[in-house]
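Student: For reference, the structure I am asking about is given below.
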């Protein structure tokens, strides 16, 4: 159950960051910023730590050629994050 105080002080928003890959209408990847306006299970995805609200004031990345919005880390940020935890685009079938 989520904390009512946190809900009261958190402004509603539609942009969330994927923390763990999961399947929806397509495969969502770690570090992807998604618009959840039409999603029905946002609260359960947050509670189970699949997604987290984009921090207040953070910029929404532009779309890449595949229509994904992936957070790009600076070199300093990359050094602090284990390689398996870095945002990554899924491998494309050949």
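Coordinate-derived values only; no laboratory data. Remember, predicted model here, so these are calculated numbers, not experimental data. No Cβ is skipped: glycine too gets one built from the backbone with ideal geometry, and neighbour counts run over all protein chains shown.
Student: What's the exposure ranking of 83, 44, going from fewest to most Cβ atoms within 10 Å? Before the final figure, lay out the partial values.
Tutor: Values: 83 7, 44 10.
Starting with the residue having the fewest Cβ neighbours, the order is 83, 44.
Student: A further question follows. Based on alpha-carbon atoms only, what is the radius of gyration of segment 4-85 relative to the globular estimate 2.2 N^0.38 Å?
Tutor: Working: Rg = 13.4 Å, N = 82, 2.2 N^0.38 = 11.7 Å.
Normalised Cα radius of gyration, segment 4-85: 1.14.
Student: Sort 41, 56 so that the residue with the fewest other Cβ atoms within 10 Å of its own Cβ comes first and the one with the most comes last. Before the final figure, lay out the partial values.
Tutor: On the way: 41 12, 56 8.
Listing 41, 56 from fewest to most nearby Cβ atoms yields 56, 41.
Student: Computed FRET efficiency, Cβ-Cβ of residue 44 and residue 86, R0 25 Å: what is it to the nearest 0.05?
Tutor: On the way: r = 26 Å, r/R0 = 1.03.
That pair, residue 44 with residue 86, gives E of 0.45.
Student: Grab the DSSP H runs of the chain that are 4 residues or longer, score each as -39,500 (n - 2.57), total them, divide by all residues and round the 222 nm result to the nearest 500 deg cm²/dmol. Mind dumping the intermediate values first?
Tutor: Details: 3 runs with 18 residues, N = 94.
The per-residue figure over the chain is -4500 deg cm²/dmol.
Student: Averaged over all directions, how much area does the convex hull of the C-alpha atoms of segment 2-50 cover when projected, in nm²? Please report the intermediate quantities before stating the final value.
Tutor: Working: hull surface 14.0 nm².
Approximately 3.5 nm², given one-decimal rounding.
Student: Under 10 Å, Cα contacts only: if you run a Gaussian network model on the chain, which one of 73, 54, 45 comes out with the highest mean-square fluctuation?
Tutor: In this elastic network of the chain, the residue with the biggest mean-square fluctuation among 73, 54, 45 is 73.
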